[in-house]
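S.K.: Attaching a single structure in structure tokens format; questions to follow.
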Amino acid sequence: MSVSEQEAETSAEQEFTRPPAPEKMRDLDFLLGDFRAEWTNFTADPATTGTAAWNTASTFHGHAYEMTQRVEAHDLTGRFVVQWVESESSFSGYYYDDWGNRTLLTSEGWQDGYLAFTGECFGFGKSFLLKEQYEIVDEKHYVKRGFIKFDEGDWIPADEVHCHREA
């Protein structure tokens, strides 16, 4: 039997099965469900406030979570898809919306009571670094604080979103 015949036989016998979802995804379970989001935008002068509807669901058999953010007042819908990447020991997430904004974010997980995602963002016609910091207040409330950084500047508070679990 030639080497190529052996390889063909081996690959024909190989069975592919879906691995279980990474246990680390459970670190994001606080995001699951429907939330009323009350936001403050610190980049506006003066700061502006509003509400949104956020929903996060497990997808791809638990290998990813997908958050949909709907801000009716601004006719904006965004999505944030995140999964654990074992080979990098970190979460990887991608945000995109119907205004053309997009961000690729990573997080090493919970540290000092915060889950922080950082990455490069193209939003509202500008490129900048973005940090999204999550903190659990209680089982029905979490806070997301956003910070932006241009070039070599300092981190600037961008927004604060209080998410309250719907019944």
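The values are calculated or read from the model by the stated rules, or taken from the named source; none is laboratory data. Computed from a predicted model, the values in this text were never measured in an experiment. Note that each Cβ is placed from the backbone with ideal geometry, even for glycine, and that neighbours are counted across all protein chains shown. When the accessible area is computed, the model is the full protein with side chains, heavy atoms only, and any ligands, DNA or RNA have been set aside. Shrake-Rupley method; radii C 1.70, N 1.55, O 1.52, S 1.80 Å.
S.K.: Expressed in nm to one decimal, what extension gain is obtained for the pair SER58 and LEU129 from 0.36 nm per residue of sequence separation less their Cα-Cα distance? Present the calculation step by step, with values, prior to reporting the outcome.
M.R.: Details: separation 71, 0.36 × 71 = 25.56 nm, distance 2.71 nm.
Net length gain for the segment: 22.9 nm.
S.K.: Accessible area of the stretch 28-167 with a 1.4 Å probe: how many percent of it is carbon plus sulfur? Write out the running numbers ahead of the final one.
M.R.: On the way: 4000 of 7940 Å².
Heavy-atom surface of the stretch 28-167 belonging to carbon and sulfur, 1.4 Å probe: 50 percent.
S.K.: Could you run the Karplus curve 6.51 cos²θ - 1.76 cosθ + 1.60 with θ = phi - 60° over the stretch 24-29 and give me ³J(HN,Hα) per residue in whole Hz, x for Gly and Pro?
M.R.: 3J(HN,Hα) across the stretch 24-29, in whole Hz: 4, 4, 4, 4, 9, 4.
S.K.: Could you work out the longest stretch of the chain that avoids the GluC sites (Glu not before Pro) located in DSSP loops with at most 15 other Cβ atoms within 10 Å? Numbers along the way, then the final one.
M.R.: On the way: sites that count: GLU15, GLU108, GLU139, GLU152, GLU166.
Longest stretch, sites excluded: 16-107.
S.K.: Between ASN41 and ASP151, what is the label-to-label distance in nm when each label sits 7 Å out along the Cα-to-Cβ direction?
M.R.: Spacing of the two 7 Å Cα→Cβ label points: 2.5 nm.
S.K.: With a 1.4 Å probe and all protein chains left in place, how much accessible area per residue does the chain have, in Å²?
M.R.: Values: 10490 Å² over 167 residues.
With the other protein chains kept in place, the chain gives 63 Å² per residue.
S.K.: Which FRET efficiency, nearest 0.05, do ASP98 and PHE16 yield, Cβ-Cβ r, R0 35 Å?
M.R.: Values: r = 35 Å, r/R0 = 1.01.
The value I calculate is 0.50.
S.K.: Would you please name the chymotrypsin sites (Phe, Trp or Tyr not before Pro) within the stretch 36-128 that are DSSP coil residues with at most 15 other C-beta atoms within 10 Å of their C-beta?
M.R.: Details: sites: TRP39, PHE42, TRP54, PHE60, TYR65, PHE80, TRP84, PHE91, TYR94, TYR95, TYR96, TRP99, TRP110, TYR114, PHE117, PHE122, PHE124, PHE128; in loops: PHE42, TRP99, PHE124.
The qualifying sites are TRP99, PHE124.
S.K.: Just checking my list (i) -0.44, -0.96; (ii) -0.53, -0.95; (iii) -0.39, -0.96 against log10 I(q)/I(0) by the Debye sum over Cα atoms at q = 0.10, 0.16 Å⁻¹ computed from this structure; which label fits?
M.R.: Only one listed value fits the structure, namely (i).
S.K.: Keeping all protein chains in position, work out how much accessible area LYS144 exposes to a 1.4 Å probe, and write it in Å² to the nearest 10.
M.R.: Roughly 10 Å² of LYS144 is accessible to a 1.4 Å probe.
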